[in-house]
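Below: one structure, written as structure tokens.
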Amino acid sequence: MTEALWTEVDHYINRMLVPDDAALNAAIESSNAAGLPPINVTPSQGKLLHILARLQGARHILEIGTLGGYSTIWLARALPEGGRLVTIEADPRHADVARKNILRAGLDLLVDLRLGLGLDVLAELAAGGGAFDLTFIDADKQNIPEYFKFALKLARRGSLIIVDNVVRDGRVIDSKSHDPDIVGIRRFNEMLAAEPRVSATAIQTVGAKGYDGFAIALVTEDI
Ligand code: SAH
Ligand code: DHB
Ligand code: MG
């Protein structure tokens with residue numbers, strides 16, 4: 001089993017089940033043209049996020065790590081009328097590209113893009129109160145434990161918290177790693193395991209983005 005085969009199967013799934021879409025394609029093309037790293041979720045992963053948000057009946061969605069807005073578009077399209085998505089991005093170049101992509105997708109009235117460091121913007125959001133029905137954590141990996149703490153603070157019983165990139169080619173099991181990303185992911189997993197207010201799992205993924213995984217936590221208690 002090779003990565004080339006995973007990628008082919010991913011393309012097959014996308015062709016079969018995740019039809020092309022002008023706004024999503026433009027989001028990828030403009031991100032590439034602007035030199036953004038190609039680290040957005042894949043089409044099938046984007047659609048998974050969309051389905052989970054619909055399943056959740058999410059009216060308020062929080063995303064940490066916007067990049068060019070590709071996952072933002074998938075998630076925002078799951079919102080009902082009057083819904084809202086807050087997405088946080090630290091890099092002004094990424095935020096500029098994302099803003100245009102969100103506008104082109106006709107989602108600018110639903111999406112509130114906050115330019116700033118994740119931890120700073122989250123502290124502001126936490127001070128303001130209110131709960132998110134779904135949070136997607138997909139920014140820098142060393143801060144995942146802190147992002148998860150804020151995601152919990154900003155949740156209610158029934159909220160869903162999804163974390164991208166929790167496997168990293170299997171390096172997650174390297175307990176001796178000093179890579180800050182791996183240390184962050186491992187600390188997050190320990191936090192998740194010890195957190196009585198959530199029911200959580202993680203799923204390994206292979207495909208066009210290589211070998212990685214998602215963690216999913218359902219908040220089962222009052223926060
Ligand atoms: N969710 C996007 C991909 C996000 S890539 C998608 O699937 O389409 C990660 C993003 O997080 C990058 O744009 C990066 O600039 C941003 N980022 C990195 N560190 C950050 C921080 N401390 N605060 C906010 N955003 C950060
Ligand atoms: C990286 C970040 C991501 O969010 C991702 O999905 C893949 C790679 C990275 O920083 O390398
Ligand atoms: Mg990611």
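Taken together, the values in this text are just the output of simple stated rules run on the coordinates, not laboratory data. Not measured: the values here are computed from a predicted model. Cβ placement follows ideal geometry from the backbone for every residue including glycine, while neighbour counts extend to all protein chains displayed.
Only helical runs count toward this figure. For the chain, summing -39,500 (n - 2.57) over DSSP H runs of n ≥ 4 and dividing by all residues gives -13500 deg cm²/dmol at 222 nm. At full extension, ARG197 and ASP169 could sit 7.2 nm farther apart than now, given 0.36 nm per residue minus the alpha carbon distance. Centroid-to-centroid, using Cα positions, segment 106-158 and segment 1-23 are 30 Å apart. Take every Cα pair under 8 Å whose residues are at least 6 apart in sequence, average their separation, divide by the length of segment 161-217, and the relative contact order is 49 percent.
Once label points are set 7 Å from the Cα along Cα→Cβ at both ASP91 and ILE39, what is their separation, rounded to one decimal in nm? With each label point 7 Å from Cα toward Cβ, the separation is 0.7 nm. For the chain, the share of DSSP beta bridges that are antiparallel, to the nearest 5, is 45%. Note on ASP21/LEU117: beta-carbon distance plugged into 1/(1 + (r/R0)^6) with R0 of 22 Å gives a FRET efficiency of 0.10.
Label-to-label distance, ASP222 versus HIS11, with points set 7 angstrom from Cα along the beta-carbon direction: 5.4 nm.
Going by the alpha-carbon gyration tensor, a ≥ b ≥ c the square roots of its eigenvalues, is the chain rounded (a/c under 1.5) or, if a/c is not under 1.5, prolate (a/b greater than b/c) versus oblate? Here the chain falls in the rounded category.
Shape call for segment 1-106 from the C-alpha gyration tensor, a ≥ b ≥ c root eigenvalues: rounded (a/c under 1.5), prolate (a/b greater than b/c) or oblate? Judged from the Cα gyration tensor, segment 1-106 comes out oblate (a/c at least 1.5, b/c at or above a/b). With a Förster radius of 22 Å applied to the C-beta separation of LEU103 and ASP140, the computed FRET efficiency comes to 0.25. For segment 185-199, backbone nitrogen atoms closer than 16 Å to the point 7 Å from ALA126 Cα along Cα-to-C-beta are found at 188, 191-192. Between ALA4 and GLN204, the FRET efficiency from the beta-carbon distance, with R0 = 22 Å, is close to 0.75. In a reduced charge model with +1 at each Lys and Arg Cβ and -1 at each Asp and Glu Cβ, segment 113-223 shows a dipole moment near 120 debye about its Cα centre. Please say if segment 1-62 is rounded, prolate or oblate, where rounded means a/c under 1.5 for a ≥ b ≥ c the square roots of the C-alpha gyration tensor eigenvalues, and otherwise the choice is prolate for a/b larger than b/c and oblate otherwise? Oblate, since a/c reaches 1.5 and b/c is not below a/b. A protection proxy built from the mean count of other Cβ atoms within 10 Å ranks the segments 102-113, 166-177, 39-50, most packed first, as 39-50, 102-113, 166-177.
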